[in-house]
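In what follows, a structure is listed as structure tokens, so that the remarks can point back to it.
The values are calculated or read from the model by the stated rules, or taken from the named source; none is laboratory data. These numbers come from a predicted model, not from an experiment. Quick reminder, even Gly has a Cβ in these numbers, built from the backbone with ideal geometry, and neighbours come from all protein chains shown. The accessibility values were calculated without ligands, DNA or RNA, using every heavy atom of the protein model including side chains. Shrake-Rupley method; radii C 1.70, N 1.55, O 1.52, S 1.80 Å.
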Amino acid sequence: MDVSPDTMEWRDAYKLLIGSILPRPIAFVSTVDENGIANAAPFSFFTAICADPMLICFSPMRRGSDGAKKDTLINIEKTKQFVINIVSENMAQQMNDCAVEFAPDVDELEVTCLTKESSRLVKVPRIKESLVHLECELYQVLDFGDNAGAGSLVIGKVLNIHIEDDLYHNGRIDTTKLQPIGRMAGNTYTNPLGKTFDIFRK
């Protein structure tokens, strides 16, 4: 079967993307608005770009109902700062609760009983329940349309990494203690440590 994205309604194209590209890591992004009100939202279009400079990226799509920018993107464009909080299995429900479209003046961290902790180099709080935090300043935003189904690529330069002491050994993060989760299609998530195997390069 061949499918042409140009002939598809955007929601159907989105379903093909999230059903094919998986499991996807989750960027649980905390930001603040110009008045200091915190915002937190998960995004599963998320990856690393390079190590020097240390750059990461995530993609907030436009709101499906009206094509408007999401609060996370608006906040980042105004303050130029954000934190990526890596999601472990123990905080999966609270992360999911933050995916609801709250009003801009609602602090999602308070609503979901997540704990704010001060970051070291940015004014945005990190989420205490997360075990790894990437404090970022905005490097670049690339916009791709302004309609429902369109989106942006947010590139952040990592200024500081906070890692729980128990996780970090000999320059490596112990993923068995991190217990990260990934996003599948629909309402399904996965623990990628359920079955792992090694392949060595020659």
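If only residues of the range 79-116 that are open to solvent by 60 Å² or more (accessible area, probe 1.4 Å) and in contact with a Lys or Arg (Cβ under 9 Å, 6 or more places away or on another chain) are counted, the one that is modelled with the highest pLDDT is 116. Of the residues making up the range 175-199, just one is exposed (fewer than 15 other Cβ atoms within 10 Å of the Cβ) and at positive phi, namely 186. Within the range 70-101, the set of residues being without any contact (Cβ under 8 Å) to a residue 40 or more places away in the chain and in a loop (DSSP other than H, G, I, E, B) comprises 70, 100, 101. With respect to the conditions (1) within 30 Å of residue 6 (Cβ to Cβ); (2) open to solvent by 40 Å² or more (accessible area, probe 1.4 Å), residue 172 lacks only one, and its number is (1). Here residue 68 clears all of (1) within 17 Å of the chain's Cα centre (by Cα); (2) closer than 20 Å to residue 33 by Cα except the condition numbered (1). If you check residue 119 against the conditions, is it open to solvent by less than 40 Å² (accessible area, probe 1.4 Å), farther than 18 Å from residue 26 by Cα and assigned to a loop (DSSP other than H, G, I, E, B)? In short, yes. Of the residues making up the range 60-76, just one is open to solvent by 50 Å² or more (accessible area, probe 1.4 Å) and among the acidic types (Asp, Glu), namely 66.
Evaluation of residue 162 against the conditions (1) under 23 Å from residue 73 (Cβ atoms); (2) open to solvent by 50 Å² or more (accessible area, probe 1.4 Å) shows that the sole unmet condition is (1).
Go through the range 128-176 residue by residue and tally those that are among the basic types (Lys, Arg) and under 18 Å from residue 57 (Cβ atoms). Matching residues across the range 128-176 total 1.
Of all the listed residues (73, 17, 22), the sole one being more than 15 Å from residue 134 (Cβ to Cβ) and out of contact with any strand residue (DSSP E or B) (no Cβ under 9 Å at 6 or more places or on another chain) is 17.
Taking the criterion of being surrounded by fewer than 21 Cβ atoms within 10 Å (Cβ to Cβ) and touching a Ser or Thr at 6+ places or on another chain (Cβ under 6 Å), the residues of the range 130-150 that qualify are 141, 143. Exactly one of these conditions fails for residue 136: (1) outside any helix (DSSP H, G or I); (2) modelled with pLDDT of 95 or more; (3) farther than 18 Å from residue 50 by Cα. Give me its number. Unmet condition: (3).
Pairs linking a residue in the range 128-153 that is of a type outside the set (Asp, Glu) to a residue that is open to solvent by 40 Å² or more (accessible area, probe 1.4 Å) and in a loop (DSSP other than H, G, I, E, B), with Cβ atoms under 6 Å and 6 or more positions apart or on different chains, are 128/115; 131/164; 138/80.
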